[in-house]
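Okay, structure first, notes after.
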Amino acid sequence: MKHLNIFGILMAAGLLSGCHSGEKGHGVHDHEGEGKEEHNGEIVMTHEQMEKAGVATETVSAADFTAVMKAAGQIVRRQGDEQTVAATISGIVYWRNASLSEGSYVGGGQALADITARHLQDGDPIAKAKAAYEAAKSEMGRVKPLADENIVSQRELEQARLNYETARAAYEGLKASRSGSAVVTTGMGGYVKSMLVKSGDYVNVGDPIAIVTQNRRQQLVVDVPECAYRNMSDIKSANFRATGNENVYKLSELNGKLVSYSRTLPEGSAYLPATFEFDNVGDIIAGSFVEVYLLLKPRKNVVTVPNSALTEEQGLYYVYVKLHDSHAHEHEDHAHEHEAHDHEHEGEEGVFEKREVKIGQTDGVRTEIVEGLKAGETVVAKGAYQVKLAASSSVIPEGHNHNH
């Protein structure tokens, strides 16, 4: 059973609402006067039922809770952690390892591919480069004396020199290869991110054939609304969640830090980019878009519950509050034959009450409760939906759902 996905609802409120993140939180919806349904029933679950459903409780307390500003962002790779492997000569490329694929590990300086130019219709590239070099050298030797005597212009001399240097560099680069062949090696160790050509493809000198990434550190680039610029200096850290993924990552647990944020708006944009850096834990995919909870200054005495404690019905939010252990003594005036049944459940049953609450800010893990719950009460922290289902299904034995 999936937990309540309150993140999409909060994001729908728009990034503009994040600009008021430093103020006291209010419920997402104002339902005063809407004819609220009263829920006065008790929901009773045995110890075995609670254990099977994974129900766990938490005692509510008022504690520090960091002010939150909602934003959108994207995971990107850190500059310098990627390297493009390029063809050193023009020719046919052949991968050395037929099983090499995207995601394979390669060591620094490892030979990835061979490129050969032999037997091509265009001829031996080394011979062609040598001929071009000799021609440029001869032209340079012809033009220089004429330029010294002002017979040709200095512009012609500079062009001849450029042609000569270009041809010389190309020839010397090819001459280092083995008779029209070259070995392409990696510059650093890492993982193959992309293989851009297949064995047997023709490449020109300088063409990229693969991309290798170390993937050790990643960056989170957040688009902060312009109206929130005054809060930029208050950003301490961030939590984020990939779209469609319930797992919330905390930069504080990933050796994360704020690297920089822009002081000026990019042209044509209404957002200021802020960049965080963190250790890649292995399952965070670069390029993915994420929902971001920017953590600002802490607030005092805030009542919060885990996000898993909240259920939602038509825009209203509810928690399940555990009542005092009194159910086992409700039937003390019953006949003696029922006493054994009462004592059997004493201390084993969970008695819960469904209660509407108004919510405030969320950091992706916990949500502020601004109305409907107070410190010292105990709520269902895990398994709230199972309790909800139990209230309206045959899971609860007959006689264990009492309305007053």
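Inspect segment 280-287 for any residue being at pLDDT 90 or above, of a type in the set (Val, Ile, Thr), surrounded by 12 or more Cβ atoms within 10 Å (Cβ to Cβ) and under 43 Å from the mean Cα position of the chain (by Cα) and give the result as yes or no. Outline the logic, then answer.
Taking segment 280-287 as the starting set, the residues that turn out to be at pLDDT 90 or above are none.
No; the residues of segment 280-287 include none that is at pLDDT 90 or above, of a type in the set (Val, Ile, Thr), surrounded by 12 or more Cβ atoms within 10 Å (Cβ to Cβ) and under 43 Å from the mean Cα position of the chain (by Cα).
Out of Ala67, Ala135, Ala147, Ala129, one residue alone is modelled with pLDDT of 90 or more and farther than 18 Å from Thr185 by Cβ. It is Ala135. Within segment 269-294, residues that are under 12 Å from Leu220 (Cβ atoms) reach partners that are open to solvent by 30 Å² or more (accessible area, probe 1.4 Å) and of a type in the set (Phe, Trp, Tyr) with beta carbons closer than 6 Å, at six or more positions or on different chains, in the pairs Ala274/Tyr261.
Out of Gln83, Gln110, Gln74, which single residue is in contact (Cβ under 8 Å) with a residue 24 or more places away in the chain, surrounded by fewer than 20 Cβ atoms within 10 Å (Cβ to Cβ) and touching a Phe, Trp or Tyr at 6+ places or on another chain (Cβ under 8 Å)? So that I can check it myself, show each step before the final result.
Numbers: Gln83 fails: touching a Phe, Trp or Tyr at 6+ places or on another chain (Cβ under 8 Å); Gln110 fails: touching a Phe, Trp or Tyr at 6+ places or on another chain (Cβ under 8 Å).
After applying the criteria, what remains is Gln74.
Answer with yes or no whether Lys257 is open to solvent by 90 Å² or more (accessible area, probe 1.4 Å), among the charged types (D, E, K, R) and in contact (Cβ under 8 Å) with a residue 40 or more places away in the chain. The answer is no for Lys257. In this structure, Thr243 does satisfy being within 18 Å of Ala72 (Cβ to Cβ), among the β-branched types (Val, Ile, Thr) and open to solvent by 30 Å² or more (accessible area, probe 1.4 Å).
Before we move on, is Ala86 of a type in the set (A, V, I, L, M, F, W, C) and at pLDDT 90 or above? I'd like the intermediate steps shown before the answer.
On the way: of a type in the set (A, V, I, L, M, F, W, C): yes; at pLDDT 90 or above: yes.
Yes; evaluated as a whole, the condition is true for this residue.
Within segment 292-303, does at least one residue satisfy the condition of being modelled with pLDDT of 90 or more and exposed (fewer than 12 other Cβ atoms within 10 Å of the Cβ)? Among the residues of segment 292-303, at least one is modelled with pLDDT of 90 or more and exposed (fewer than 12 other Cβ atoms within 10 Å of the Cβ), which makes the answer yes. Here Val370, Val365, Val395 are screened, and the one residue that is over 16 Å from Val302 (Cα atoms) and either more than 29 Å from the chain's Cα centre (by Cα) or modelled with pLDDT of 85 or more (or both) is Val395.
If you scan segment 202-240, which residues turn out to be within 30 Å of Val85 (Cβ to Cβ), in a strand (DSSP E or B) and open to solvent by less than 50 Å² (accessible area, probe 1.4 Å)? Lay out the reasoning, then the answer.
Of all residues in segment 202-240, those within 30 Å of Val85 (Cβ to Cβ) come to 202-221.
Checking which are in a strand (DSSP E or B) leaves us with 202-203, 208-213, 217-221.
Matches in segment 202-240: Val203, Ile209, Ala210, Ile211, Val212, Thr213, Arg217, Gln218, Gln219, Leu220, Val221.
Among the residues making up segment 269-326, those that are of a type in the set (S, T, N, Q) and in a loop (DSSP other than H, G, I, E, B) are Ser269, Asn280, Ser288, Gln314, Ser326.
Annotation: Gly347 fulfils all but one of (1) at pLDDT below 50; (2) open to solvent by 50 Å² or more (accessible area, probe 1.4 Å); (3) more than 15 Å from Thr57 (Cβ to Cβ); the unmet one is (3).
The values are calculated or read from the model by the stated rules, or taken from the named source; none is laboratory data. All figures in this text were calculated on a predicted structure; none of them were measured in a lab. Note: ideal-geometry Cβ built from the backbone for every residue, glycine included; neighbour counts use all protein chains shown. For accessibility, only protein heavy atoms count, side chains too; no ligands or nucleic acids. Shrake-Rupley method; radii C 1.70, N 1.55, O 1.52, S 1.80 Å.
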